[in-house]
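Data first, discussion second: the structure below is written as structure tokens.
The values are calculated or read from the model by the stated rules, or taken from the named source; none is laboratory data. All of these numbers come straight from a predicted model, not from anything done at the bench. As a convention, Cβ positions derive from the backbone with ideal geometry for all residues, glycine included, and neighbour counts pool all protein chains shown. Calculation scope for accessible area: heavy atoms of the full protein, side chains included, ligands and nucleic acids excluded. Shrake-Rupley method; radii C 1.70, N 1.55, O 1.52, S 1.80 Å.
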Amino acid sequence: MNLLLVEDDTELARQTGRWLHDAGHTSTHSDCGAVALRLLAQEPFDAVILDVGLPDMDGYTVVEQMRVRGFGLPVLFLTARDNVTDRVRGLRAGGDDYLTKPYSIEELLLKVEIFLRRRHMVAPQMPKMSRIGKYLFDYTNLTLEQNGEIRRLTQREADLLRYLMSNRGQVIRRSAILEQIWGEDDYFLGRSLDVFISRLRKYLQKDEGIKIENVHGIGFQFVCPE
């Protein structure tokens, strides 16, 4: 994978870059948000590893700007803040996952590997272009279109929507979604899933026939007109 590493700690960035290189990935380093946003416009990265505490703007602002500018690639937040409130804030801003400092090489490479698996995930029962009620979903280009209005999705939003569609009408267990999309099932990732479900509901709200219903104590059911 070609990764953009945004980290103002020079030594940590050097160490992380070496880990990524040894694992077969390429990376470009930026120590501030403004430069990172410029680099995104110049080079096709596969994912961003983004420190929350940057000198010019925080990581939340960087990812918000990314989404506004149409960059849908996955974002892995790095943070020293190990609390649910900050993590959920990052996910609501448009991030995909979190890694708490200090982190190990195994943790970092696992997160990157999960992003890589998601990128190559195949659902053979579904076409890449799909009609969802009043919407046209283009998984390959990470877009959701309705009446000429195009919304750019993040990779994880697109993965989750495609998974829900492939199980349309069925009750899907939370654990199954987490293991399929996030690669593991734990408490915090369950909170992350709730954030992404809320995002998809908001994106699809212009079609009243589309619903992502809570099934108490079990998971969700995706209801959509044929």
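Put simply, when 54-67, 11-24 are sorted by average Cβ atoms within 10 angstrom per residue, most first, you get 54-67, 11-24. Taking the average, over residues, of other Cβ atoms within 10 Å as the packing measure, peptides 92-101, 193-202 rank 92-101, 193-202 from highest down. Roughly how tilted is helix 59-68, in degrees to the nearest 10 and between 0 and 90, from the longest Cα axis of the chain? Once rounded, the angle reads 50 degrees. As a calculated quantity, the FRET efficiency between Gln170 and Ile150 at R0 = 22 Å, using C-beta atoms, amounts to about 0.15. In summary, the aspartates and glutamates within cross-link reach of Lys206, defined as a Cα separation below 17 angstrom excluding same-chain residues under 8 places away, comprise Glu145, Glu149, Glu226.
How much accessible area per residue does the range 1-133 have, in Å², with a 1.4 Å probe?
Value for the range 1-133: 47 Å² per residue.
Helix-only arithmetic for the chain: the sum of -39500 (n - 2.57) across DSSP H runs with n ≥ 4, divided by the residue total, places the mean residue ellipticity at 222 nm at -12500 deg cm²/dmol. Checking [x] 102, 50, 40; [y] 69, 38, 35; [z] 53, 38, 31 against Cα extents along the principal axes in Å calculated from these atoms, the matching label is [z]. Carbon-plus-sulfur accessible fraction, the chain (probe radius 1.4 Å, protein heavy atoms only): 49%. Against the criterion of solvent-accessible heavy-atom surface with a 1.4 angstrom probe, Arg69, Arg117 sort, most first, into Arg69, Arg117.
Bridgeable lysines around Lys101 (alpha carbons under 30 Å apart, same-chain partners fewer than 8 residues away excluded): Lys111.
In the chain, the longest principal axis of the Cα atoms and the axis of helix 33-42 are about 70 degrees apart.
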